[in-house]
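The values are calculated or read from the model by the stated rules, or taken from the named source; none is laboratory data. In this text the structure is predicted, and so the values were computed from the model without any measurement. Heads up, the Cβs are rebuilt from the backbone with ideal geometry, glycines too, and the neighbour counts pull from every protein chain shown.
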Amino acid sequence: MSKTKIIPCSGIGKVHGSIAREAAFEIIRRENEKCETMCLAHIVTGDVDIKEKIENEKCITIDGCPALCAAKNVELAGGIVEQSIRVIDEMKKHRGAKPGTATYLTEDGWKMVDNIASNICENLRASSLEVD
């Protein structure tokens, strides 16, 4: 069985990207038998090996901002975006929270990471129950 690909945005220099990456790492820690992560930069640059790994495969993207770079590039590379998460939507649920910086997440930022990871893991578990 093929693992679901978890692809976060790169978002270098912004807290949004840090939250996206940390959420992807947390999902892999929790669901490593079902998921693996892929580097968005390799997808964007057309890396043949990565393209082959995601083509026609289930993918979950985690984008920091509304530009949806991860979701768009996964689709362009032939991946099937099963779920597209935007960190900015999670941040809206926590108006006034201070999530941190590009290099340091605060307690608020880690709560957002946990919320995103928990949501995705819950959906992964639910979808695996529906198979067969």
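Results, tabulated for the structure shown:
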{"item": "Matching residues in region 6-29 - criterion: being closer than 21 Å to residue 97 by Cβ and of a type in the set (D, E, K, R)", "result": "14, 21, 22, 26"}
{"item": "Enumeration of residues in region 4-14 that are modelled with pLDDT under 95 and not hydroxyl-bearing (Ser, Thr, Tyr)", "result": "9, 11, 12, 13, 14"}
{"item": "Scan of region 12-32 for residues that are more than 13 Å from residue 109 (Cβ to Cβ) and either within 9 Å of the chain's Cα centre (by Cα) or not polar (S, T, N, Q) (or both), ordered by number", "result": "12, 13, 24, 25, 27, 28, 29, 30, 31"}
{"item": "Matching residues, region 71-104, being part of a strand (DSSP E or B), of a type outside the set (A, V, I, L, M, F, W, C) and within 24 Å of residue 35 (Cα to Cα)", "result": "82, 83, 84, 86"}
{"item": "Selection within region 1-56 - among the acidic types (Asp, Glu), assigned to a helix (DSSP H, G or I) and touching a residue at least 40 places away in the same chain (Cβ under 8 Å)", "result": "22, 26"}
{"item": "Test: residue in region 105-112 that is in a loop (DSSP other than H, G, I, E, B), of a type in the set (Lys, Arg) and farther than 19 Å from residue 36 by Cβ", "result": "no"}
{"item": "Filter result (in contact with a Cys (Cβ under 8 Å, 6 or more places away or on another chain) and either among the hydroxyl-bearing types (Ser, Thr, Tyr) or closer than 13 Å to residue 57 by Cα (or both)) within region 69-84", "result": "74, 79, 80, 81, 82"}
{"item": "Candidate set: region 26-61, residues that are hydrophobic (A, V, I, L, M, F, W, C) and surrounded by fewer than 18 Cβ atoms within 10 Å (Cβ to Cβ); chosen: the one farthest from residue 84 (Cα to Cα)", "result": "48"}
{"item": "Candidates 117, 102, filtered to the one that is closer than 14 Å to residue 18 by Cα, surrounded by fewer than 18 Cβ atoms within 10 Å (Cβ to Cβ) and touching a residue at least 40 places away in the same chain (Cβ under 8 Å)", "result": "102"}
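Rundown of residues vs (1) over 11 Å from residue 6 (Cα atoms); (2) modelled with pLDDT under 95; (3) surrounded by fewer than 18 Cβ atoms within 10 Å (Cβ to Cβ), yes/no style:
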| site | (1), (2), (3) |
| --- | --- |
| 71 | no, no, no |
| 87 | yes, no, no |
| 95 | yes, yes, yes |
| 98 | yes, no, yes |
